[in-house]
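Reading through the structure tokens given below for one structure.
Only the coordinates and a few stated rules stand behind these numbers; no lab work does. These numbers come from a predicted model, not from an experiment. Cβ sites come from the backbone with ideal geometry, for glycine too, and all protein chains shown count toward neighbours.
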Amino acid sequence: MANLADEYGTDVEIYIKALTTTIHADTPTGAPAKLHDLLEQLGFERHEYPTGAPLYIWHTVPEHLSADEQKRLATRAIPALLLAGYEVNCTPDVFDEAAYRQAVHHARTRAARLAAQHPAPASAPSQPAPARRTP
């Protein structure tokens, strides 16, 4: 089994598996659990081979979705992955420009709401200047 994330040196490779219609999200060998968890939170399904002692872990979009919705789900995950600090590559045959713009807009709006709810703490006052002594 080829692992494109290992091959290209990225954190996530999103593509349609050759000779299928299945959208895969490959992560590098030994990827952190939090990356796998994030992909699952974003709607991807986790797979392991062999079962019980995972040597190879990958994710797919749910197959019960329509082809267009599968592409939208995969594309909407990209901004969240980028904001989490991961390097992501998505092939053009999966990428949906409108879904990406919508996800970016949603992420920006959410970040602005969170910033408004939790303003940064006021900075501590600087040390007062020492008092001048006059002779």
Check: What nm value, rounded to one decimal, do you get for the distance between residue 8 and residue 63 when each label is placed 7 Å out toward the C-beta?
Finding: 2.4 nm
Next item on the list: With a 10 Å radius around each residue's Cβ, average the other Cβ atoms per peptide and rank 6-12, 83-89, highest first.
Entry: 6-12, 83-89
Item checked: region 1-51: C-alpha gyration tensor shape, a/c 1.5 cut-off, then a/b vs b/c -> rounded
Checklist line | Pair residue 98, residue 114: separation of 7 Å Cα→Cβ label points (nm) | finding: 2.8 nm
Next item on the list: Extending each Cα 7 Å along its Cβ direction at residue 107 and residue 22, get the distance between those two points in nm, one decimal.
Entry: 2.7 nm
